[in-house]
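Structure first, commentary second.
The values are calculated or read from the model by the stated rules, or taken from the named source; none is laboratory data. Here the structure is a predicted model, which is why all the values come from computation and not from measurement. Note: ideal-geometry Cβ built from the backbone for every residue, glycine included; neighbour counts use all protein chains shown.
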Amino acid sequence: MPIIRVSLLEGWTMEQKAQVTQEMTEALVSVLGEVSRPYIYVVVDEMQAGAVAFAGNVITDEMNREALATSARERQKAVNAQRAEEAYVALEGGDREVIAQYWAEDVSWSVPGNHPLAGVKKGVGELLAYRRARAQLTGGTFRTERGRALVDGTTVVIRGREMAVRGPGRVLEIDTLYTLVWSDGRIASGSEAFAGAAAAANDSFWN
């Protein structure tokens, strides 16, 4: 009968402790096999601040609260980054019900530049129409590669790269920054940005 003991400083929520026990169980099942699941016990010991020292320094209530707050902020950043990627996948899928889980119906999306597609797209309908226009003008070759997401509170900035072809000699391959601003669990506004030569190349490609 495997027994896992986890020691935590007090302050963790029941949901967090439940997640710890679930993930510990799954980790052991991955080693011992599914047959072991009914026999795995996970025991969570809660310790008071002041009863634990790290590197000779006693962990105080204040230190514990700050650690918990930092952990919560980092978890939220990870959630926001993951939801940003899911939001783009939803747009690419085109299912309005799925899109509504991530994008506000009255979302405002800013497209910079001096070309026919530039301007502010108001609402999911205009945003989808803009994306369809890009696909049609490039014969379906337009695509983006999204990189690492940088999160600051409710704002997510994603580094990306846009690529497309419009006939002989008209090739687009530029770096882009996508900024998403969340409100009430959905993207309320966003924008694309190009720097220096990329902005000029983008204008030239779409004109």
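Identify the residue in the stretch 107-128 that is exposed (fewer than 13 other Cβ atoms within 10 Å of the Cβ) and touching a residue at least 40 places away in the same chain (Cβ under 8 Å) and, among all such residues, is farthest from Ala198 (Cα to Cα).
Per the criteria, the residue is Pro116.
Can you give me the ranges of the strands (runs of 3 or more DSSP E) entirely in the stretch 99-206 with at least 2 residues that are of a type in the set (Gly, Ala, Ser) and in the same structural domain as Ala87 (by TED's automatic domain parsing)?
In the stretch 99-206, 103-111, 143-152, 155-165, 186-193 are the strands (runs of 3 or more DSSP E) which contain 2 or more residues that are of a type in the set (Gly, Ala, Ser) and in the same structural domain as Ala87 (by TED's automatic domain parsing).
Which ones in the stretch 136-147 are touching a Lys or Arg at 6+ places or on another chain (Cβ under 6 Å) and not small (Gly, Ala, Ser)?
Thr138, Phe142, Glu145
Residues of the stretch 28-47 being surrounded by 12 or more Cβ atoms within 10 Å (Cβ to Cβ) and either in a helix (DSSP H, G or I) or of a type in the set (A, V, I, L, M) (or both), which ones?
Passing the criteria: Leu28, Val29, Leu32, Ser36, Arg37, Ile40, Val42, Val44, Met47.
Sort out which residues of the stretch 173-207 are crowded, with 19+ Cβ neighbours inside 10 Å, more than 23 Å from the chain's Cα centre (by Cα) and either of a type in the set (Val, Ile, Thr) or over 22 Å from Ser108 (Cα atoms) (or both), and write them in order of number.
Phe205
Filter the stretch 15-37 for residues that are within 15 Å of Pro2 (Cβ to Cβ), in contact with a strand residue (DSSP E or B) (Cβ under 9 Å, 6 or more places away or on another chain) and among the hydrophobic types (A, V, I, L, M, F, W, C) and give the result.
Within the stretch 15-37, Met24, Ala27, Leu28 qualify.
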